[in-house]
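The values are calculated or read from the model by the stated rules, or taken from the named source; none is laboratory data. Note that the structure is a prediction, hence the values are computed from the model and not measured. Neighbour counts are summed over all protein chains in view; Cβ atoms, including those assigned to glycine, are modelled from backbone coordinates with ideal geometry.
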Amino acid sequence: MNSRKAKSNYSKYKPRRRCYRTKTKVFADVKQRFFDFFSYWTKKRFRKSRSWIDLENASKLFPSVMNSTDTKVFRFTVTIKDNIDPQLLQMALDQAYKHFPLYHSVLRRGIFWYYYEDSDLYPVVKEETDYPCRSLFHYDKKQLLFRVLYYRNRIHLEVFHALSDGTGASWFLQLLVSNYVLLRYPESRSRRIELSAEFQDMYYESDSQLDDSFARYFHKKKNKKSITNKKTVNQDKSKKHKWKRVHHIYGFRTQDNRMQIIESEMPVKELLQISRQRNVTLSVFLTAVFIESIHKTVKKKNKNKGKSKIKNKKYSITISVPINLRQYYPSHSARNFFATTLIGYTFGQEGKTDTLDEICACVAEQYSAATEIENIEHKLYSLVKLEKNVAIRTIIRPIKDVILRIAYRINNLNITAALSNVGKISFPQSIEEYVDQVYVYTAASRPQFICITHKDILTINFSSPYQDTEIQMNFLRRLTKIGIPITIGANEVNPPDAKWQEIKP
């Protein structure tokens, strides 16, 4: 009897024990899923798991304001000793593409903002058959935001500015060209390859390339990573300058809206020596010469039109100049990380003769104030704070596009032209002898130039949507007048008979 009772009790409690274990397991699963879901939506885990990333602060403008003329595409061009082998160039591109996950991205339209989405697309090398800096982003197409072209002995890398800036794109270019030279010239592989700082491993790590440096350094007012955390911003220097009647450049557009490209080469050492004689940097000197060249063009046009009274009136010429923030903050991001500033000079002021020395002194003072880290952070914290504003974030993307276009046009009312100095680019020593020269230029809504230094040669490349090249020629004539030998060339635009020629003083 007792044995039956014990058996009955055993059978009675056994299911209950199983039920208790099952409930505990279910509760643990639910708890784990909850924590997984919560941790997934935290910033760190979310970025590792998702297949898309949001645009950084500097990139959000480009998709909204681009058009058929100003495509926001820039181009690097590298000339090699011999004609390009397209099959080897494709192999070099495939190798470089593996090391740059950022370049796998396509740009998509979201409800509130544009965003990058990872793709399984592969780039294909093509021969250049059309005009440079054509549009790369089409909202109705899923395509990569860069292209690699070749023509004779030239390799072209075109990049949509929303993807990367000039510094980030130059890292991809260096790896691409190095891979091609090693494949094209086997003897270069037998030598020891000495890697410079641009070829360190940190530049090819996924986390470093995809890092949003704006969010890292400017996500909160005066965070711990701020350089000026314990400093006070000079409010007087950070105020915007009020310019008098900013001059705007107009003219007849080129055929089918292609860019008027003028390439120029000159020895950088002689140019540096001349700028040091005036106690200014190379960027300050080139900006001053650019302002003076525009001024000469304005005076000539006004004289031809019989507007002699114009010269007695005050008017300003302003130049938009980007500032590479990597020189202030430790960042290896291949994405955009730059700020812009406005440098200018007002002509017709009392007591001034508007000479090049006076322009240099004025421009140098503005450069000094604009590149102070306190003023840079003051501006960028304001831009990031505006981006993170709750009221603005809830506005849907089509309305934001309209707002950004209006703001962009209003901002352009204060800009005459633009320039950029990419700096110095180099390749490993065993590869340098096969690379002749490097050029860079961009699509533009107004005349502008970009300069880059390679092998002690400075290349200044002008791009303009207009047929008139008076400003560019005034700029180059001014340099030859002070003793700089220059070699120039142009693409085939109206008229299509431009040839290489050498200008000597």
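Contact annotation: residue pairs with Cβ atoms under 6 Å, 6 or more positions apart or on different chains, pairing a residue in the stretch 117-145 that is under 16 Å from N67 (Cβ atoms) with a partner that is of a type in the set (A, V, I, L, M), are C133/V73; C133/M259; C133/A443; L136/V73; L136/L145; F137/L107. Filtering Y367, Y441 for residues that are out of contact with any helix residue (DSSP H, G or I) (no Cβ under 9 Å at 6 or more places or on another chain), closer than 25 Å to S464 by Cβ and among the hydroxyl-bearing types (S, T, Y) leaves a single hit, Y441.
Filter the stretch 458-475 down to residues that are part of a strand (DSSP E or B) and under 15 Å from I249 (Cα atoms), then give me how many there are. Final tally of qualifying residues: 4. How many residues, within the stretch 230-286, are in a loop (DSSP other than H, G, I, E, B), at pLDDT 75 or above and of a type in the set (S, T, N, Q)? Result for the stretch 230-286: 3.
Listed here are the residues, each with its yes/no results for (1) of a type in the set (S, T, Y); (2) farther than 24 Å from F62 by Cβ; (3) not assigned by TED's automatic domain parsing to the domain that holds S164.
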site	(1), (2), (3)
M266	no, yes, yes
V284	no, yes, yes
A288	no, yes, yes
T297	yes, yes, yes
I323	no, no, yes
R335	no, no, yes
G348	no, yes, yes
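Of the residues in the stretch 360-382, at least one is loosely packed, with under 14 Cβ neighbours inside 10 Å and within 22 Å of N57 (Cβ to Cβ). In the stretch 397-408, the residues that are more than 10 Å from P63 (Cβ to Cβ) form Cβ pairs under 6 Å with partners that are hydrophobic (A, V, I, L, M, F, W, C) and surrounded by 13 or more Cβ atoms within 10 Å (Cβ to Cβ), at six or more places apart or across chains, as follows: R405/V65; Y408/V65. Is it the case that some residue within the stretch 112-122 is modelled with pLDDT under 95 and closer than 18 Å to L173 by Cβ? No: the stretch 112-122 contains no residue that is modelled with pLDDT under 95 and closer than 18 Å to L173 by Cβ.
The residue list Y217, Y204 contains one member that is at pLDDT below 80 and surrounded by 16 or more Cβ atoms within 10 Å (Cβ to Cβ), which is Y204.
Residues in the stretch 306-332 that are of a type in the set (S, T, N, Q) and either modelled with pLDDT under 90 or in contact with a strand residue (DSSP E or B) (Cβ under 8 Å, 6 or more places away or on another chain) (or both): S308, N312, S316, T318, S320, N324, S331. Filtering the stretch 59-110 to residues that are acidic (D, E) and in contact (Cβ under 8 Å) with a residue 40 or more places away in the chain leaves D70, D82, D85. Can you spot a residue in the stretch 79-94 that is touching an Asp or Glu at 6+ places or on another chain (Cβ under 8 Å), among the β-branched types (V, I, T) and within 30 Å of S430 (Cα to Cα)? Within the stretch 79-94 (the criterion being touching an Asp or Glu at 6+ places or on another chain (Cβ under 8 Å), among the β-branched types (V, I, T) and within 30 Å of S430 (Cα to Cα)), the answer is yes, since at least one residue qualifies.
A search for C-beta distances below 7 Å between a residue of the stretch 354-375 that is in contact (Cβ under 8 Å) with a residue 40 or more places away in the chain and assigned by TED's automatic domain parsing to the domain that holds S320 and any residue that is surrounded by fewer than 16 Cβ atoms within 10 Å (Cβ to Cβ) and among the basic types (K, R), counting only pairs 6+ apart in sequence or on different chains, returns D357/R278; C360/R278; A369/K237; E372/K237; E374/K231; N375/K237. Of D140, D165, D130, which residue is surrounded by fewer than 16 Cβ atoms within 10 Å (Cβ to Cβ), of a type in the set (D, E) and under 22 Å from A444 (Cβ atoms)? Result of the check over D140, D165, D130: D130.
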